[in-house]
Amino acid sequence: MSEVEGPERGSLLLDEEYAVEEENLWEDDDAGDYDGWYCVRTDPFPCPASGCTFVAAHMTAAHLVLVWQERDDPNLLWHAQRALEVGRNPRVISYERSFGPSASYYAWEAAGRPVHGVRGKV
């Protein structure tokens, strides 16, 4: 029996070629004063994006500290639990501007949950 050649597992065949824009990090368009909101501090961990040297000490998205208005928000607690499961030693604390730029967790979700950079078609 002969084998049929075709695309291999993990490969992608495109009909058109696309150029990739320079990478831009997502920003919270509704960013306000999140002082006093809550975030999850963790042991430092590197950004998983290839070639990125950013090291986070909080739960982040697109290098922004994710914040929640309520300390017992179910999504905050779920993310803290996930951080615990992977050994990041999470602690729920009040956010301060000195931690770096922040974004509301729900604004991040509404934006499609960007993780690092947003790439688009040219």
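Here the dipole of segment 24-118 is about 440 debye; that uses its Cα centre as origin and unit charges on the Cβ of Lys and Arg (positive) and Asp and Glu (negative).
The residue list 78, 101, 45 was ranked by how far each Cα lies along the charge dipole of segment 24-118 toward its positive end, using unit charges on Cβ atoms, and 45 comes out on top. Normalised radius of gyration (Cα atoms, divided by 2.2 N^0.38 Å) for segment 24-118: 0.99.
If r is the Cβ-Cβ distance from residue 52 to residue 94 and R0 is 30 Å, what FRET efficiency results, to the nearest 0.05? All intermediate terms of the calculation are to be shown ahead of the outcome.
Numbers: r = 28 Å, r/R0 = 0.92.
E(calc), rounded to 0.05, equals 0.65.
Highest mean packing comes first when the peptides 95-101, 63-69, 81-87 are listed by Cβ atoms within 10 Å, giving 63-69, 95-101, 81-87.
Any read-out appearing in this document is the output of simple, stated calculations on the displayed coordinates, not a laboratory observation. Predicted model only: the values in this text are computed from it and were never measured. Counting neighbours? That spans all protein chains shown, and the Cβs are built from the backbone with ideal geometry, glycine included.
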